[in-house]
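**Student:** One structure, pasted below without further comment.
Quick note: the coordinates plus some simple rules give every number you see, no bench work behind them. Quick caveat, the model's predicted, so the values are computed rather than measured. Positions of Cβ are generated from backbone atoms using ideal geometry, with glycine treated the same way; all protein chains shown enter the neighbour counts.
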Ligand SMILES: [Fe+2]
Ligand SMILES: [Fe+2]
């Protein structure tokens, strides 16, 4: 049996994953509007991944016999100041999510909830990858600066995700 406290924290995280999905959906829409279809595609993939994250948490609560509570999804930002600002925002957001996952893990360990720890282990690894992927794109964007030709090429590259 999962504790009420742990279940509540996971329900909060389900909402946070939907918030993340919405943020990325908003970023995809922004890139579509900027005529950067590759970056929009990259963000759409990210959007779907976040939905899968929410589903993993939902499944865990079902399996543990806890009630899933669906919260409200926050409205994401609508406009950004170019590709670099979008990916920097994404990196900030992923770091915030990592902190959240770490806190969930701390709680699972404290409660000796091994099943939740084991489930969270996947997320700990996933966050390392998420941050690394976004950081690599931020570095590339910082490197190319305002060069339209390079942004065009990078857009093509990200479209291959
Ligand atoms: Fe996530
Ligand atoms: Fe993420």
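**Student:** When the convex hull of the C-alpha atoms of region 1-101 is computed, what volume per residue in Å³ does it have?
**Tutor:** Dividing the Cα hull volume of region 1-101 by its residue count gives 81 Å³.
**Student:** Here is a further query. For the Cα atoms of the chain, what angle does the longest principal axis make with the long axis of helix 114-144, in degrees from 0 to 90, nearest 10?
**Tutor:** 10 degrees
**Student:** Based on DSSP H runs of at least 4 residues, each adding -39500 (n - 2.57), what is the mean residue ellipticity at 222 nm of the chain after dividing by all its residues, to the nearest 500 deg cm²/dmol?
**Tutor:** Rounded to the nearest 500, it is -28000 deg cm²/dmol.
**Student:** Could you work out the relative contact order of the chain? I mean the mean sequence separation of Cα pairs under 8 Å and 6+ apart, divided by the number of residues, in percent.
**Tutor:** 31 percent
**Student:** Right, something else. For the pair residue 99/residue 117, report the inter-label distance in nm, with labels modelled 7 Å from Cα in the Cβ direction.
**Tutor:** The two pseudo-label positions are separated by 2.5 nm.
**Student:** How much length is gained if the chain between residue 63 and residue 149 is pulled fully straight, taking 0.36 nm per residue apart and subtracting their Cα-Cα distance, in nm to one decimal?
**Tutor:** Computed gain between residue 63 and residue 149 is 25.9 nm.
**Student:** Further, regarding this structure: For residue 34 and residue 92 in the same chain, what is the full-extension length gain: residue separation times 0.36 nm, less their Cα-Cα distance, in nm?
**Tutor:** 18.7 nm
**Student:** Quote to one decimal, in nm, the extra length available between residue 72 and residue 45 on full extension: 0.36 nm per residue of separation minus the C-alpha distance between them.
**Tutor:** 7.5 nm
**Student:** Okay, next question. If I model a spin label at residue 161 and residue 12 as a point 7 Å from the Cα along the Cα→Cβ vector, what separation in nanometres do I get?
**Tutor:** Placing both labels 7 Å beyond Cα along the Cβ direction yields 2.8 nm.
**Student:** I'd like the orientation of helix 83-110 relative to the chain: the angle between its Cα long axis and the longest Cα principal axis, in ° from 0 to 90, rounded to 10.
**Tutor:** 10 degrees
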